[in-house]
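Every number in this text was worked out from the coordinates using simple rules, so none of it is lab data. Every value quoted in this text rests on a predicted model; they were computed, and no experiment measured them. No Cβ is skipped: glycine too gets one built from the backbone with ideal geometry, and neighbour counts run over all protein chains shown.
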Amino acid sequence: MVRRLVSGDISPGLHRVNWDGRNDKGVAVATGIYFYRLMTPISSMTRKMVLIR
């Protein structure tokens with residue numbers, strides 16, 4: 001895991017989370033392909049994204 005952006009309960013609805021390209025120690029990560037996971041009590045999904053510096 002590079003970094004957890006949100007933890008805990010969130011109200012239902014549309015939400016946006018921005019990632020600044022840094023890991024949990026505040027260090028910028030390298031250009032590359034990263035995977036993110038969205039989890040709810042009833043399902044989860046994993047997708048990939050490309051970070052270009």
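Okay, here's what the table says:
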| quantity | calculated |
| --- | --- |
| Identity of the residue in segment 28-45, closer than 18 Å to Leu14 by Cα and among the hydroxyl-bearing types (Ser, Thr, Tyr), that ends up surrounded by the most Cβ atoms within 10 Å (Cβ to Cβ) | Tyr36 |
| Sole residue being surrounded by 10 or more Cβ atoms within 10 Å (Cβ to Cβ), β-branched (Val, Ile, Thr) and part of a loop (DSSP other than H, G, I, E, B), chosen from Val17, Val2 | Val2 |
